1. Could you figure out which of (1) surrounded by fewer than 20 Cβ atoms within 10 Å (Cβ to Cβ); (2) in contact with a Leu (Cβ under 6 Å, 6 or more places away or on another chain); (3) not β-branched (Val, Ile, Thr) isn't true of Gly384?
2. In the range 267-355, which strands (runs of 3 or more DSSP E) lie fully inside it and hold 2 or more residues that are in contact with a strand residue (DSSP E or B) (Cβ under 8 Å, 6 or more places away or on another chain), hydroxyl-bearing (Ser, Thr, Tyr) and assigned by TED's automatic domain parsing to the domain that holds Val366?
3. Considering only the range 38-49, state which residues are farther than 13 Å from Gly72 by Cα and either in contact (Cβ under 8 Å) with a residue 40 or more places away in the chain or assigned to a loop (DSSP other than H, G, I, E, B) (or both).
4. So which residues in the range 401-412 are closer than 19 Å to Leu381 by Cα and either of a type in the set (A, V, I, L, M) or touching a residue at least 40 places away in the same chain (Cβ under 8 Å) (or both), if there are any at all?
5. Given the structure, is Ala407 of a type outside the set (S, T, N, Q) and farther than 30 Å from Gly250 by Cβ?
6. Cβ-Cβ distance below 7 Å, separation of 6 or more or different chains: which pairs start in the range 219-236 with a residue that is surrounded by 20 or more Cβ atoms within 10 Å (Cβ to Cβ) and end on one that is of a type in the set (Lys, Arg)?
7. Conditions: (1) closer than 30 Å to Ser489 by Cα; (2) without any contact (Cβ under 8 Å) to a residue 24 or more places away in the chain; (3) of a type outside the set (A, V, I, L, M). Gly259 meets all but one. Number of the miss?
Amino acid sequence: MARSPLPSIPTRLTDVEVVGAARRGIAFAVVVPSGADTEYTEVMDRLRATGKAAEVSLLPGPDGPRWLVGVGDGTARDYRAAGAAFVRAAAADAGEGGDAAGRRGSITVQVELPAQAGPDHYGQFATGVLLGGYRYRVSMQDGAAGVRKVRLVAPTADAAQPYADAVSRACELARATALARDLANTPSNVKNPAWLANTAQRLTADLPGLTVTVRDERWLAEHGFGGTLAVGGGSASPPRLIEAVYRPRGVRAHLLFVGKGITFDTGGISVKPAEGMHVMRTDMSGGGAVLAAMRAIAALRLKVRVTALVPAAENLISGSAYRPGDVVRHYGGRTTEVTNTDAEGRMVLADALAYGTSRFSPDLVVDVATLTGAMKIALGLRTGGLFSGDDDLAQRLRAAGERVGEAWWRMPLPDDHARDVRSDIADVRQVPPGPGGIVAALFLREFAGGLPWAHLDIAGPARSDRNYDEVVPGGTGFAARTLVELAASYA
């Protein structure tokens, strides 16, 4: 039987469950805070272990626990980092026992958390295990995980249910992040707009209340999606609009999510430097986060109506590519003067924002995109930029991110720069002068229909080249958990 050229999506994650009691004969780990006096203090002193977050010590001898895992001061981030470090260490330990062909073992481990750990700490540790052990790799070798199952031991069997509930929800959120990573990491020789659209339909087909409709290039032309057609015009793979609708009965609040779905970005005629272009397979991370969030929202059966739009296109170079100096007419009629074809994300988002606000009349709209390199300079690689003129929405987003471990920093939208968005030849210009992240957000605001609106620029945290906390190299899935938690806040 011929093997698929790519790993299956969604990636199989480690199973995490809560149990009422430990089982004999299963490898064991104990999580310890720093500075705490425990029955393992003496052995920690011998190993020079401090209990700081993400410190994993392998214990000698066949009796007792095999690992001591530090959880530092016991913050939510400490527990996520500890879970991630532990699952990596346990997987490496399992790998040392491979067979003659080099295949790694697959083990079950159990973990005892500190007595003071509450249900949320169990959920955060589970998040770290699930996402810290995530791996996407295209290889001829078997990529089976080293840790098949992690059993978290509840304080008592009678009190296990709240811990199990917290872990179950954490697993759903982690699956959303992992799915967003899968979509971002898929190589672009496979991941064109049609593949992304078809995959979105396949991954949501089993969820009641969630429907996905795909609009092709003919439909886009008939309805005036000039920005999306312009960006996708240079590619042999035509653009798509992915439209996901989750509409449970008896709810009033209606949210609109819009995600940038550029499946590969050369920059077009305003071509990017060759160095670093290979990571542009992740330029649809905003769209991936939106699609993954929609799946989790439906799986959790949240009592809130959510519509999601992902305009998907490839920004390539050819004789039919759009040019600097072109004037493009978006859905609804507003025109844009093109000044840099590498600012393609705002072109497709403009169409989707105008269409979504007009067609669905939502209560609010949030767009997510790897939009500007300026945000990487302003906020670094671990914090997302949050733009909104609505204080309540901005606060909800920041609070949602804090609860799930995704950091956001609110950026200004100064009126002085809003005037720069105006064009002499069209209604607006694509890349106005001024601070890049801010003027890009001001451009998008023109298409938000006057609704409460937020723009999330994830150009920095959407990708990573190293392990940190629960993040692994490649697409990070950043923003997916925030969107689910935001929707829950309106449920």
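1. (1)
2. In the range 267-355, the matching strands (runs of 3 or more DSSP E) lie at 335-337.
3. Within the range 38-49, Thr38, Glu39, Tyr40, Arg48 meet the criteria.
4. Those that are closer than 19 Å to Leu381 by Cα and either of a type in the set (A, V, I, L, M) or touching a residue at least 40 places away in the same chain (Cβ under 8 Å) (or both): Gly401, Val404, Gly405, Glu406, Ala407, Trp408, Met411.
5. For Ala407, the condition - of a type outside the set (S, T, N, Q) and farther than 30 Å from Gly250 by Cβ - is met.
6. Gly226/Arg329
7. The single condition Gly259 does not satisfy is (2).
Yes/no per residue for (1) at pLDDT below 95; (2) within 28 Å of Ser270 (Cβ to Cβ); (3) not aliphatic (A, V, I, L, M):
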| position | (1), (2), (3) |
| --- | --- |
| Asp415 | yes, no, yes |
| Ala418 | yes, yes, no |
| Ala426 | no, yes, no |
| Arg429 | no, yes, yes |
| Phe447 | no, yes, yes |
| Ala480 | no, no, no |
| Leu483 | no, no, no |
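The values are calculated or read from the model by the stated rules, or taken from the named source; none is laboratory data. Values in this document were obtained by computation on a predicted structure and should not be read as measured data. Methodologically, a virtual Cβ is constructed for each residue, glycine included, from the backbone with ideal geometry; neighbour enumeration extends over all protein chains shown.
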